[in-house]
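Undergrad: One structure, as structure tokens, below. Some questions next.
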Amino acid sequence: MRAIAALLICLGLGLAACQPAGGGGSAGGGGAMPDDMSLGNPAAKVTVMEFASLGCPICSKWNNDLFAAFKTKYIDSGKVHYVLKEFSTGDAPVAAAGFLLARCAGKDKYFQVVDSVFHEEAPLLESNQPAQERDRLVKIAESAGMSEAQFDACTGNDDALKAFNDRVEAAAKKYNIDSTPTFMINGKPLTGYQDMPALDKAIADAQAAAK
């Protein structure tokens with residue numbers, strides 16, 4: 001499975017974000033693309049795009065710490081249209097396999113699978129054993145109603161992998177994203193792990209500006 005995707009490195013849990021080698025750049029504005037996965041009201045005054053990788057420990061921490069509360073407060077209430085932009089920082093093979101699996105599970109289960117992979121990310125990254133990583137991902141697939149054969153067909157689909165890599169490359173170029181997580185709130189970027197007070201302020205500012 002480590003042959004999947006281009007190699008990018010995460011610069012460590014002590015940093016605020018996962019990055020590829022190099023750096024620099026700043027995020028620009030924009031909106032959801034037809035192949036993006038999203039939650040909430042598309043007509044909401046505020047769109048929050050999260051550029052995240054399933055191989056990024058900081059993204060995992062934000063998801064596991066805050067996403068449920070963020071979803072309840074902003075997505076389920078209809079105040080925010082949330083768009084997930086798939087990226088491959090950190091452990092790129094895990095990110096690619098996880099996102100391919102989430103898409104194969106279908107739109108109704110996409111975010112369920114993403115959340116499951118984030119919650120399994122620590123042991124996935126710590127194992128450094130492709131066979132153990134595969135076993136954990138197969139269990140996630142099975143919890144979403146897929147068989148092991150379907151998992152193998154999904155993660156071994158070269159066309160789907162190319163489409164994933166193309167999405168990552170296009171988003172990186174369009175928005176000048178070089179680290180994850182990056183949040184864009186009505187086009188204004190916040191880079192790195194964001195606590196709820198920071199998100200509350202940014203969303204309130206965006207709501208005020210949208211009136």
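Undergrad: Could you run the Debye sum over the Cα atoms of the chain, one equal point scatterer each and no solvent, and tell me log10 of I(q)/I(0) at q = 0.07, 0.12, 0.16, 0.17 Å⁻¹, two decimals?
TA: Cα-only, vacuum Debye calculation for the chain: -0.19, -0.57, -1.04, -1.18.
Undergrad: With runs of 4+ DSSP H residues as the only contributors, calculate the mean residue ellipticity of the chain at 222 nm using -39,500 (n - 2.57) per run, divided by the residue total and rounded to the nearest 500. All intermediate terms of the calculation are to be shown ahead of the outcome.
TA: Values: 7 runs with 96 residues, N = 211.
Estimated from H runs of four or more residues: -14500 deg cm²/dmol.
Undergrad: My understanding is that a pair violates if its Cα-Cα distance is over 23 Å; which of LYS79/LYS211; LYS61/LYS173; LYS73/LYS139 do that in this structure? All intermediate terms of the calculation are to be shown ahead of the outcome.
TA: Numbers: LYS79/LYS211 13 Å; LYS61/LYS173 26 Å; LYS73/LYS139 30 Å.
Too far apart for the 23 Å limit: LYS61/LYS173; LYS73/LYS139.
Undergrad: Could you give the length gained by full extension between LEU66 and ASP158, i.e. 0.36 nm per residue of separation minus their alpha carbon distance, to one decimal place? Working shown, then result.
TA: Values: separation 92, 0.36 × 92 = 33.12 nm, distance 3.36 nm.
This chain segment gains 29.8 nm when fully extended.
Undergrad: Let me ask you something else. Of the beta bridges DSSP finds with both residues in the chain, what % are antiparallel, to the nearest 5? Present the calculation step by step, with values, prior to reporting the outcome.
TA: Values: 13 of 21 bridges.
So the antiparallel bridges amount to about 60 percent of the total.
Undergrad: Set Lys and Arg Cβ to +1 and Asp and Glu Cβ to -1, take the dipole of the range 45-210 about its Cα centre, and tell me which of GLY78, MET146, ASN157 lies farthest positive.
TA: GLY78
Undergrad: Turning to a different aspect of this structure: Under the Karplus relation 6.51 cos²θ - 1.76 cosθ + 1.60, θ = phi - 60°, what is the ordered set of whole-Hz ³J(HN,Hα) values for the range 163-170, x standing for Gly and Pro?
TA: For the range 163-170, the Karplus curve yields 4, 4, 4, 5, 5, 4, 4, 5 Hz.
Bear in mind that the values in this text are calculations on the coordinates, not laboratory data. Predicted model, so just to flag it, every value in this text is computed and none were measured. Neighbour counts are summed over all protein chains in view; Cβ atoms, including those assigned to glycine, are modelled from backbone coordinates with ideal geometry.
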